[in-house]
């Protein structure tokens, strides 16, 4: 008899204690997926807001002309041209030195540059540089903040009828804080 009373009392304790039910499991799963979906939505919004995903507007057309671009690169390497880019000063200026194969300054070129951040196109700017000294081309720019910038340089003969550049370069620029 003692065992029966002890067992009945234990059973009453179990019934009165808190237990996980199907509703608890359902609400727990719904809360988990709601939090996961909310965090994903915030991350997607931030990713799309900061970078639209378009690096090159005409990627398909550039892809079709890939072999031509390789040939132009080989021709450029054989020309022996070189460049040096500097950014700084007050007011801010971009300065590009263009040198020939023997180190002589290259005069009379039409030099253009596109400067922007590596991971975003928000701060991109296109500038045309003017020759200020033989072989040295410069242009004022809006003040560039500290960090990494990418400069795409295109130089061609001033009287060239086509948009094809005779010299192309991409340089990474680091501005100290």
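None of the figures in this text is laboratory data; all of them are computed from the coordinates on show. The structure displayed is predicted, hence computed values, not measured ones. Cβ sites come from the backbone with ideal geometry, for glycine too, and all protein chains shown count toward neighbours.
Would you be able to say whether some residue in the stretch 134-142 is surrounded by 18 or more Cβ atoms within 10 Å (Cβ to Cβ), part of a strand (DSSP E or B) and under 20 Å from the mean Cα position of the chain (by Cα)? No, the conditions are met nowhere in the stretch 134-142. Each residue in the stretch 48-64 was checked for being surrounded by 11 or more Cβ atoms within 10 Å (Cβ to Cβ) and without any contact (Cβ under 8 Å) to a residue 40 or more places away in the chain, and 1 pass. Here residue 114 clears all of (1) over 17 Å from the mean Cα position of the chain (by Cα); (2) within 22 Å of residue 73 (Cα to Cα) except the condition numbered (1).
Take residues that are loosely packed, with under 14 Cβ neighbours inside 10 Å and touching a residue at least 12 places away in the same chain (Cβ under 8 Å) and tell me which of the strands (runs of 3 or more DSSP E) falling wholly in the stretch 66-118 contain 1 or more.
Because the criterion is at least 1 residues that are loosely packed, with under 14 Cβ neighbours inside 10 Å and touching a residue at least 12 places away in the same chain (Cβ under 8 Å), the strands (runs of 3 or more DSSP E) in the stretch 66-118 that meet it are 82-88.
Looking for something in contact with a strand residue (DSSP E or B) (Cβ under 7 Å, 6 or more places away or on another chain), outside any loop (DSSP other than H, G, I, E, B) and touching a residue at least 24 places away in the same chain (Cβ under 8 Å) - is there at least one such residue anywhere in the stretch 119-127? Yes - at least one qualifying residue is present in the stretch 119-127.
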